[in-house]
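One structure is given below, encoded as structure tokens.
None of the figures in this text is laboratory data; all of them are computed from the coordinates on show. Remember, predicted model here, so these are calculated numbers, not experimental data. Glycine gets a Cβ as well: all are built from the backbone with ideal geometry, and neighbour counts include every protein chain shown.
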Amino acid sequence: MLFKVSFLCDIHEIFFVIFTEYKILTMRNLLIFIAIVGAIGFFTNPKEEDFKKFINKEIEKKYCKENSGGLLSCNTLFEKLVEPLLWMGSSVTIDDYKVCSKYNMSIFGKSYSYVGAFGMFFPLDDDKGIIEDIERNKNGE
């Protein structure tokens with residue numbers, strides 16, 4: 001009987017050591033993963049110019065599907081006329097969190113929020129952002 005108790009204690013100690021060592025390795029790997037993701041987020045955190053380019057490209061992509069070329073193409077008109085008017089009537093505030101940023105855009109009395117992370121932008125609004133709102137106004141909804 002004494003042998004069984006001693007044997008069970010040894011197994012218990014072995015499992016305890018393996019579990020604690022495994023847990024340490026897992027925590028170390030998790031911390032390394034978080035540090036790598038944080039560093040990538042820090043270096044790819046988009047700036048205000050990137051946000052403006054993103055909004056311009058999205059609007060241009062939505063409304064300038066056919067580029068006929070020439071002097072007065074849709075892209076040229078957008079760059080010369082629509083883009084300056086768009087940014088003249090808007091304001092952008094940025095909350096920088098170092099690994100990502102929150103962009104609050106106010107344009108013509110409406111507010112839009114986006115998160116910028118890893119070089120991309122994601123709308124926070126329920127209506128998916130400015131592009132869908134422009135489309136909804138165009139359709140008269």
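Residue separation times 0.36 nm, minus the C-alpha to C-alpha distance between Ala35 and Phe122: what's the value? Mind showing how you got there, number by number?
Numbers: separation 87, 0.36 × 87 = 31.32 nm, distance 2.27 nm.
Stretched fully, the Ala35-Phe122 segment lengthens by 29.0 nm.
Count the net charge of all other residues whose Cβ sits under 14 Å from the Cβ of Phe51, scoring Lys and Arg as +1 and Asp and Glu as -1. Let's see the in-between values first.
Values: positive: Lys47, Lys52, Lys53, Lys57, Lys102; negative: Glu48, Glu49, Asp50, Glu58, Glu83, Asp95, Asp96.
Overall, the nearby charge balance is -2.
How many nm separate the modelled label positions at Lys102 and Glu83, each set 7 Å beyond the Cα in the direction of the Cβ?
3.0
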